[in-house]
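Scroll down for the structure; my scribbles are underneath it.
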Amino acid sequence: MKDGIAHTLRALHHGERRLARDLVAVSERHAGEHEVHHVATDLAAWSREHAGRLAEFAAADGLRLDDDRPEPLAGEAPEGLLLLYDLRALHLAATENSLHWEMLAQAAQATRDERLLELASACHPQTLRQMRWTDTLIKQLSPQVLASL
């Protein structure tokens with residue numbers, strides 16, 4: 001396996017695990033916001049699946065992806081602003097993962113690695129859906145939250 005692909009797999013694995021943890025944290029922190037709570041919980045499962053698939057893929061080539069430790073929760077802020085900060089952080093994490101999926105897909109095409117291309121083609125669309133969800137909520141909530149503080 002090329003070093004650049006291994007490095008990108010490690011970065012994406014870390015990003016998927018981090019995003020799953022962050023989605024669960026947002027779901028728990030905003031349990032009263034039913035859409036946020038339920039969709040974030042479902043999206044976290046996608047990222048956990050992606051991390052598992054990445055680990056299996058890497059293991060088949062002898063690459064072990066390291067485990068992460070949970071990160072501390074975000075600092076204190078007014079409830080609405082904290083939700084916007086959390087959605088922004090989720091969007092940035094999903095965007096980072098999307099870029100890594102794109103990089104892996106491009107590398108797979110360049111190296112004619114069908115297995116890697118299949119993995120990227122299967123997971124990247126769900127990462128893009130995660131980005132659209134956070135973007136939509138930020139657009140919906142920002143005017144109300146920012147104008148009220």
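The values are calculated or read from the model by the stated rules, or taken from the named source; none is laboratory data. Remember, predicted model here, so these are calculated numbers, not experimental data. Side chains are part of the model used for accessible areas, which takes the heavy atoms of the whole protein and leaves out ligands, DNA and RNA. Shrake-Rupley method; radii C 1.70, N 1.55, O 1.52, S 1.80 Å.
Computed extension length for residue 128-residue 38: 30.6 nm, one decimal, from 0.36 nm per residue of separation with the Cα-Cα distance subtracted.
Residues 87, 141, ordered by accessible area of protein heavy atoms at a 1.4 angstrom probe radius and largest first, appear as 141, 87. Counting protein heavy atoms only, the chain has 53 percent of its accessible area on carbon and sulfur, 1.4 angstrom probe. Once ligands and nucleic acids are excluded and a 1.4 Å probe is used, how much of residue 137 is accessible, expressed in Å² to the nearest 10? Result for residue 137: roughly 10 Å² accessible. Rolling a 1.4 Å probe across all protein chains gives residue 79 an accessible area of roughly 110 Å². Between rounded, prolate and oblate, where does the chain land on the alpha carbon gyration tensor, with a ≥ b ≥ c its root eigenvalues, rounded for a/c under 1.5, else prolate if a/b exceeds b/c? Verdict is prolate for the chain. 3J(HN,Hα) along the stretch 40-52, derived from phi through the Karplus expression 6.51 cos²θ - 1.76 cosθ + 1.60 where θ = phi - 60°, amounts to 4, 5, 5, 5, 4, 5, 4, 5, 4, 4, 4, 4, x Hz, with x in place of Gly and Pro. Angle of helix 3-29 to the longest C-alpha principal axis of the chain, folded into 0 to 90 degrees and rounded to 10: 30°.
Annotation: residue 46 carries an accessible surface of approximately 70 Å², with a 1.4 Å probe and no ligand, DNA or RNA atoms counted. Ordered by 1.4 Å accessible area with all protein chains kept, 3, 135, 86 run largest first as 3, 135, 86.
Dividing the helix sum by the residues of the chain, where each DSSP H run of 4 or more adds -39500 (n - 2.57), gives a mean residue ellipticity at 222 nm of -29500 deg cm²/dmol.
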